[in-house]
Protein chains: 2
Amino acid sequence: MKAADLERIRSLQLFSGMSEDQFNDVTQGAYLQTFPAGLTLLYEGDPVDFLYILMDGAVELQGTWNDKESTLAILRPISTFILAAVVLEANALMSARTLEKSQILMIPAEAFRRIMAEDAAFAVSVAREVSGCYRGLVRSIKNQKLRNGTERLANYILTQQVRQGNPDVVVIPHEKRTLASLLGMTAENLSRAFAQLADYGIEVHGAEIRILRPVPLRRLAKPNPLLDNHAPPGMGGSGKAEKEMWPPSLGMAGRA
Amino acid sequence: MKAADLERIRSLQLFSGMSEDQFNDVTQGAYLQTFPAGLTLLYEGDPVDFLYILMDGAVELQGTWNDKESTLAILRPISTFILAAVVLEANALMSARTLEKSQILMIPAEAFRRIMAEDAAFAVSVAREVSGCYRGLVRSIKNQKLRNGTERLANYILTQQVRQGNPDVVVIPHEKRTLASLLGMTAENLSRAFAQLADYGIEVHGAEIRILRPVPLRRLAKPNPLLDNHAPPGMGGSGKAEKEMWPPSLGMAGRA
DNA sequence: AAACCAAATTGACATTTATCAATCGGAACG
DNA sequence: CGTTCCGATTGATAAATGTCAATTTGGTTT
């Protein structure tokens, strides 16, 4: 592996605390590999032999049951995935598929677990990383159970607005059907949800969402740090920005 | 704290691997406290000062948004809760409320984190524990997004059937409204879902669910280890029974 | 035993969401 | 430059789910 890549990996929260020797050890048998778009890296139910770290591109995590499938998360660099399965030496609960050509670091699960047991600092980092992922999922469930489709879409837009940095325009970085699945609705209903948001100052042209009037949108969406993660990627969350101040002017819902 | 209680705690997966000294250290400032039913121990958004371990009774984890609330999990002994928040020194994402009179062990978060950093074996145990919780949530989301209300109920019954050990009768151990919220539906629709299951050999009398014909029920429910955790409690999962054989006679859905 | 209360159930209805079919539109390709 | 294909959209309809109000039920209190 190239030195520059190693440097990039070393700077991740997950690896920053560990000793040099052990870092070399984990990355010893690691592959940095490039996959084409639309490739399924891992099927749910499969045994997991590697920890995956998305360095570039996009990966979808999805679940299947009874011929239906649902997108559980869309990952952007830099995100780990199937970490929990690696830690527990268990089978994958989600399939992982590239949405774009992606560069992915694969670390042998065996070595990963061994080093965890040797290096307390590293084990703590792993615990932290999984904890961040866990909290991402808690938010995800709350989002799913407490909001309706239009509300989920409105909050998705606000989240992307923050992450993409442009207050006026948000770009959907993949097919809308994928977004629909992520938001727990059909592609048809996503279209209708966008139509409803026209009343709240949203205009859609292709993949581009234009936010004309942020205030009514926020009033509808009622974003909340206990449901929305307006910071790094959801599932491989770097855990940062957890305790930042919330929306400039909106009081938090309910207590505390 | 009594020696018998310490013994019980020591035998938990989470604490079994650590050194004696450090075990004494963590449990030093720990309280074993009894709370009445219906008491909220912690509100979502609150800072978390303790790791909680439910030793006896029942605790509901729930989330709120916009005056709606939803039950995310119902815990039974022995389960840890809000572990991820403790690890990350973050605020709680869920409220925790006793459903019954409960005995709960409270371990100071500060000390917990300190010991984690000192004892690699313990840190690994924590990572494992959180990973188990994470996988519980993944199943929960898949259950929520891929199944309809009646299917979720049918699978709930099958899960309880396994956990309670009686193949003919399952007892709902709390109010039905709580179950409805856990399953992501209203109390009214839970009643209707039970009515629908009459066609599949289910009879309900109060809290008692009688399973007359298991076969049609299973055919409807299509239980699957990637969505259902037919073993220990969901959120404080001891991680056991993860790779057990699946339903005696039902092939697993789809691939692998 | 009567009265009372809250949870559970039932019915009628509204809303949301899914499904199916048809059409539109843009990108890729010959 | 037109054709083709696939995703997105739209409309019509069905199914699922939620809401509201009225009972019913079961347990507890008096």
Quick check on residue A:153: is it of a type in the set (A, V, I, L, M, F, W, C), touching a Ser or Thr at 6+ places or on another chain (Cβ under 6 Å) and open to solvent by less than 30 Å² (accessible area, probe 1.4 Å)?
no
Selection from region B:156-173 of residues within 12 Å of residue B:230 (Cβ to Cβ) and in a loop (DSSP other than H, G, I, E, B) yields B:165
Against the conditions (1) more than 16 Å from DNA strand C (Cβ to nearest atom); (2) surrounded by fewer than 21 Cβ atoms within 10 Å (Cβ to Cβ), where does residue A:131 fall short? Just the number, please.
(2)
Out of region A:110-122, which residues are open to solvent by less than 10 Å² (accessible area, probe 1.4 Å) and either in a strand (DSSP E or B) or more than 7 Å from chain B (Cβ to nearest Cβ) (or both)?
A:112, A:115, A:122
Could you tell me which numbered condition residue B:70 fails, if it satisfies all but one of (1) out of contact with any Leu (no Cβ under 6 Å at 6 or more places or on another chain); (2) hydroxyl-bearing (Ser, Thr, Tyr); (3) within 16 Å of DNA strand D (Cβ to nearest atom)?
(1)
Taking residue A:140, is it in a helix (DSSP H, G or I), surrounded by 15 or more Cβ atoms within 10 Å (Cβ to Cβ) and within 12 Å of DNA strand D (Cβ to nearest atom)?
no
So, restricting to strands (runs of 3 or more DSSP E) that lie completely within region B:40-109, which ones have at least 3 residues that are over 16 Å from residue A:226 (Cα atoms)?
B:50-56, B:68-75, B:79-81, B:102-108
Region B:174-196, subset touching a residue at least 40 places away in the same chain (Cβ under 8 Å) and more than 9 Å from DNA strand C (Cβ to nearest atom), residue most open to solvent (accessible area, probe 1.4 Å)
B:196
Quick one: how many residues across region B:198-233 are within 12 Å of chain A (Cβ to nearest Cβ) and either open to solvent by 10 Å² or more (accessible area, probe 1.4 Å) or not small (Gly, Ala, Ser) (or both)?
10
Go through region B:14-42 residue by residue and tally those that are within 14 Å of chain A (Cβ to nearest Cβ) and buried (at least 17 other Cβ atoms within 10 Å of the Cβ).
5
Condition met for residue B:157 (within 14 Å of chain A (Cβ to nearest Cβ) and at negative phi):
no
Taking region B:134-154, which residues are touching a residue at least 60 places away in the same chain (Cβ under 8 Å), of a type outside the set (Asp, Glu) and at the interface with chain A (Cβ under 10 Å from one of its Cβ atoms)?
B:135, B:136, B:137, B:139, B:140, B:142, B:143, B:146, B:147
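The values are calculated or read from the model by the stated rules, or taken from the named source; none is laboratory data. Source: prediction; values computed, not measured. Positions of Cβ are backbone-derived with ideal geometry, glycine not excepted, and every protein chain shown enters the neighbour counts. For the accessible areas, the whole protein counts, side chains as well, though only heavy atoms, and no ligand, DNA or RNA atoms are used. Shrake-Rupley method; radii C 1.70, N 1.55, O 1.52, S 1.80 Å.
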